[in-house]
Amino acid sequence: MAKQVVGQAKFQVPGGAATPAPPVGTSLGKFGINLGQFVSAFNERTREYNGTPIPVVVTVYSDRTFEFVTKSPPAAALLKQAAGIASGSGEPNKKKVGKVTQAQIDDICQKKMADLNARDLEHAARMIEGTARSMGIEVEG
C-alpha cells in the first residue's frame, strides 16, 4: 500500500547550515517528524552551496517519514555573488550597484536551467538579465 501524504512544506534555508530553529522548526514541527534527521540530511546534500539560500520542498507522510527536493539557488542570490554585492539597488532605474558579464549570466543559466520555465538557454539568459536589471545590476556585452 502506498504511503499517505500528510502535508508539504516549502521554505528556503542556507545551504549546509540548516538548524532546527525557524524556518525549519516552524514549518516541519507541526508534522511531528524528526527535525535532527532532516537537518543532517539537508546539510549533507547542500554542503557545496555553503550558505547560499536553497529552496526546499518537503513531503511528509502519515508514518512520519519524509522526502525532500532541493531546488537551485534563487537567481537574485547567484547574481549578487557574481557581481560581488551585498544587496540590490533600491532604485534600479537610477542607481546601479554592480556589473555582470554575459559569461556570468550563461553560467547562472546553466545552474538554474532545471528550475526555469524556459525552452532554451537564450530565453533563460533573457530571464536572468531581467532579474539583474530589476536589481540595479548592469549586464555587459
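Tell me yes or no: at least one residue of the stretch 49-72 is within 22 Å of Ile137 (Cβ to Cβ), touching a Ser or Thr at 6+ places or on another chain (Cβ under 8 Å) and modelled with pLDDT of 80 or more.
There is at least one residue in the stretch 49-72 that is within 22 Å of Ile137 (Cβ to Cβ), touching a Ser or Thr at 6+ places or on another chain (Cβ under 8 Å) and modelled with pLDDT of 80 or more.
Looking at Thr131, is it assigned by TED's automatic domain parsing to the domain that holds Gly84, under 11 Å from Ala83 (Cα atoms), of a type outside the set (A, V, I, L, M, F, W, C) and out of contact with any Phe, Trp or Tyr (no Cβ under 6 Å at 6 or more places or on another chain)?
No, not satisfied.
Could you tell me whether any residue of the stretch 93-109 is within 13 Å of the chain's Cα centre (by Cα) and in the same structural domain as Arg133 (by TED's automatic domain parsing)? Steps first, answer last, please.
Start the filter on the stretch 93-109 by keeping residues that are within 13 Å of the chain's Cα centre (by Cα), which leaves 108.
After this cut, where a residue has to be in the same structural domain as Arg133 (by TED's automatic domain parsing) as well, the list is 108.
So far as the stretch 93-109 goes, yes, one or more of its residues are within 13 Å of the chain's Cα centre (by Cα) and in the same structural domain as Arg133 (by TED's automatic domain parsing).
If I ask for residues that are in a loop (DSSP other than H, G, I, E, B) and within 18 Å of the chain's Cα centre (by Cα), which ones from the stretch 56-83 would you list?
Result: Lys71, Ser72, Pro73, Pro74.
Looking for whichever is of a type outside the set (A, V, I, L, M) and not assigned by TED's automatic domain parsing to the domain that holds Gly130 here; the options are Gly90, Gly25. Which one fits?
None of the other options fit; the residue is Gly25.
Which of (1) surrounded by 12 or more Cβ atoms within 10 Å (Cβ to Cβ); (2) modelled with pLDDT of 85 or more; (3) assigned to a helix (DSSP H, G or I); (4) of a type in the set (A, V, I, L, M) does Ala103 not meet, given it meets every other one?
Ala103 satisfies every listed condition except (1).
Is one or more of the residues making up the stretch 61-69 on the phi > 0 side of the Ramachandran plot and either surrounded by 13 or more Cβ atoms within 10 Å (Cβ to Cβ) or of a type in the set (Phe, Trp, Tyr) (or both)?
No, the stretch 61-69 contains no residue that is on the phi > 0 side of the Ramachandran plot and either surrounded by 13 or more Cβ atoms within 10 Å (Cβ to Cβ) or of a type in the set (Phe, Trp, Tyr) (or both).
Please state which of the following conditions Glu48 fails to meet, knowing it meets all the rest: (1) outside the structural domain of Ile108 (by TED's automatic domain parsing); (2) in a loop (DSSP other than H, G, I, E, B); (3) in contact (Cβ under 8 Å) with a residue 24 or more places away in the chain.
(2)
The values are calculated or read from the model by the stated rules, or taken from the named source; none is laboratory data. Since the structure is predicted, the reported quantities are computational estimates derived from the model, not experimental observations. Ideal geometry is used to build each Cβ from the backbone, glycine not excepted, and the neighbour counts take in all protein chains shown.
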